[in-house]
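What follows is a single structure, written as structure tokens, with notes after it.
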Amino acid sequence: RTSTTTSSAQGDDSAMPKDAAEKVERAQDPDWDCKHEGTAKYYRKEPDGSWKGLAKGVLRLEQHKTDKTNCRMVIRDFAGKVQLNLKIAQNMPLEQNSHTQKGHTKTYISFMAVQNAEKGAEHFMLQVKPQNLEATMSVLKSLTKSTNLKTSK
């Protein structure tokens, strides 16, 4: 004999209040300090000059706890899978852009970085929410300067 029960995991949302929904915990890397977090979409410039949208998710700008010159940007999709992992280089040139279309403003930060050593430096762009542009840009600028620090031992 087989019995069937319906639960929220099987699609019956009435069994569990919406505020009681289970949240996925974010993994914390104990060696890195998160300096900024927000949502972003990243693009890479293709050889033909067009921009290819690659992934969107949670952007984290991080600095290593013991080696302050080691900084990175990581984008994970909403399931937690790493979509982008780039070193923030010393004096990385950063440029912010925006354009308005049909009353909606989109804001971007563009930069050069190495994702694949065989390809060398490539042009990337982060699309961030307009209200987060200044904070994201400020932290990125400070981290490009952090990579200039010399650690004394």
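The values are calculated or read from the model by the stated rules, or taken from the named source; none is laboratory data. Only a predicted model underlies this, so the values are computations on that prediction, with no experimental measurement involved. Virtual Cβ from ideal backbone geometry, glycine too; neighbours counted across all protein chains shown. Just the protein is used for accessible areas: all its heavy atoms, side chains included, with ligands, DNA and RNA removed. Shrake-Rupley method; radii C 1.70, N 1.55, O 1.52, S 1.80 Å.
Here are some notes:
- Count of residues meeting criterion [within 20 Å of Glu46 (Cα to Cα), among the β-branched types (Val, Ile, Thr) and modelled with pLDDT under 95] in the range 95-117: 1
- Close Cβ contacts (under 8 Å, 6 or more residues apart or on different chains) running from residues in the range 56-67 that are under 12 Å from Cys34 (Cβ atoms) and outside any loop (DSSP other than H, G, I, E, B) to residues that are among the basic types (Lys, Arg) and open to solvent by less than 60 Å² (accessible area, probe 1.4 Å) comprise Leu61/Arg72; Glu62/Arg72.
- Qualifying residue in the range 73-93 (condition: open to solvent by 80 Å² or more (accessible area, probe 1.4 Å), without any contact (Cβ under 8 Å) to a residue 12 or more places away in the chain, charged (D, E, K, R) and on the phi < 0 side of the Ramachandran plot): yes
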